[in-house]
Amino acid sequence: MTISEVSTEDRRNSFYELIRKDNLASLWQRLHSLVPKSPLTPVVPVHWDYDGVVRPHIFTAGEIVTAEEAERRVLILENPGLPGSASITQSLYAGLQLVLPGEVARAHRHSQSALRFVIEGRGAYTAVDGERVAMSPGDFVLTPSWRWHDHGNESDEPMVWLDGLDIPIISFFDAGFAEPGKAITQAELRPPGDSEARYSNNLLPVDWKPGDRNSPILRYPYERSNETLSAMARGGDPDACHGYKVRFINPATGSTPMPTIAAFIQRLPESFETAAYRSTDSTIFAVVEGHGQTKVGSHCIEWKPRDVFVVPSWHPVVHRCETEATLFSFSDRAAQETLGLWREARHLNGEVA
Ligand SMILES: [Fe+2]
């Protein structure tokens, strides 16, 4: 290093130090990380083994804290690339919630939108704005933004579901509000199954107009998703990147069930390997049925029923299974599409399509 180079570097460093005191910083030192050529995410591929690792911890939580004390007895699934953030991806939160027989999780509401995907147990309910929704494994259940909700388990078995919320998005916008309910459980305002009957039979009440962008359906039962996937699989011709994949929709708009979160379910046929695929929405997968492997870049995840794993933004992903498998997934694709940001790339026969 020459004397003039040293002095240039010294001058620059003293300049950076000087302007920092005035709340200024040089863009040229950070331009490439601020405006990367392609997504640079701190999110890493990660896998939670439900039966072997997570389930025992959830049930220990059930022994040491009651649902009443905890308000929500949940173990957060935190991405190791985002330590301390309580986030599973940059934009989403996920956790596994346990409600034991006889317990209730008190009513509250918040700006954050939530989905539930049932992992084990049947017969517990979540009540949304006065309507009880019974839940069974594989069901996809909505709690849209600012709706009153409480949970209860009147069955004789423990119930565990995966919660997915847009907490980091709401924090990013500093737009979060929350309110506790006046009573522990809500009064029943409509009979159970009311929203399903009104809105999910390809019919809508004649003068009904959506009040917001959320789906009026509160529960998408697994028997219906399974019926669709089975029929598609019988028809053959799986998509090279996805097998047989469907998206959950708001029947009033054809769009995503909630404005920030998109959700999907897919079936991979026996002995199937997908073509490499990537998209800008970091995605959380929950295994419904089957065993298989997912390669995320060079990282390989071996999964089985009830496991959860994450595929980060723009990482090439390949799913493979020996037996038929079903995967539920959710991501912030809804928000990205609204903002015109969402992109995908399909790699077919080594070519990007
Ligand atoms: Fe909540």
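The values are calculated or read from the model by the stated rules, or taken from the named source; none is laboratory data. Keep in mind that what you see is a predicted model, and the values were worked out from it rather than measured. Positions of Cβ are generated from backbone atoms using ideal geometry, with glycine treated the same way; all protein chains shown enter the neighbour counts.
Could you list, in sequence order, all residues of region 247-271 that are of a type outside the set (Lys, Arg), closer than 22 Å to residue 234 by Cβ, out of contact with any Cys (no Cβ under 6 Å at 6 or more places or on another chain) and assigned to a strand (DSSP E or B)? Those that are of a type outside the set (Lys, Arg), closer than 22 Å to residue 234 by Cβ, out of contact with any Cys (no Cβ under 6 Å at 6 or more places or on another chain) and assigned to a strand (DSSP E or B): 264, 265, 266. Determine whether residue 225 is touching a residue at least 60 places away in the same chain (Cβ under 8 Å), part of a helix (DSSP H, G or I) and closer than 13 Å to residue 140 by Cα. When the stated conditions are applied, residue 225 passes them. Within region 98-115, the residues that satisfy the criterion of being outside any loop (DSSP other than H, G, I, E, B) and either without any contact (Cβ under 8 Å) to a residue 40 or more places away in the chain or buried (at least 22 other Cβ atoms within 10 Å of the Cβ) (or both) are 98, 99, 105, 114, 115. Assess whether residue 118 counts as being more than 12 Å from the ligand (Cβ to nearest atom), under 19 Å from the mean Cα position of the chain (by Cα) and of a type in the set (A, V, I, L, M, F, W, C). When the stated conditions are applied, residue 118 passes them. Need the failing condition index for residue 22 against (1) under 30 Å from residue 166 (Cβ atoms); (2) part of a loop (DSSP other than H, G, I, E, B), just the number. Evaluating residue 22 over (1) under 30 Å from residue 166 (Cβ atoms); (2) part of a loop (DSSP other than H, G, I, E, B) leaves (1) as the failure.
With the structure loaded, tell me whether residue 6 is assigned to a helix (DSSP H, G or I), aliphatic (A, V, I, L, M) and at pLDDT below 95 or whether it fails that test. It is true that residue 6 is assigned to a helix (DSSP H, G or I), aliphatic (A, V, I, L, M) and at pLDDT below 95.
Of 22, 49, all but one fail to be within 30 Å of residue 308 (Cβ to Cβ) and of a type outside the set (Val, Ile, Thr); the exception is 49. Filter region 324-353 down to residues that are at pLDDT below 95 and either surrounded by fewer than 15 Cβ atoms within 10 Å (Cβ to Cβ) or hydrophobic (A, V, I, L, M, F, W, C) (or both), then give me how many there are. Residues in region 324-353 being at pLDDT below 95 and either surrounded by fewer than 15 Cβ atoms within 10 Å (Cβ to Cβ) or hydrophobic (A, V, I, L, M, F, W, C) (or both): 6 in total. Being within 14 Å of the ligand (Cβ to nearest atom), free of Cβ contacts under 8 Å to residues at least 60 places away in the same chain, crowded, with 19+ Cβ neighbours inside 10 Å and not hydroxyl-bearing (Ser, Thr, Tyr), is that true of even one residue in region 124-139? Within region 124-139, not a single residue is within 14 Å of the ligand (Cβ to nearest atom), free of Cβ contacts under 8 Å to residues at least 60 places away in the same chain, crowded, with 19+ Cβ neighbours inside 10 Å and not hydroxyl-bearing (Ser, Thr, Tyr).
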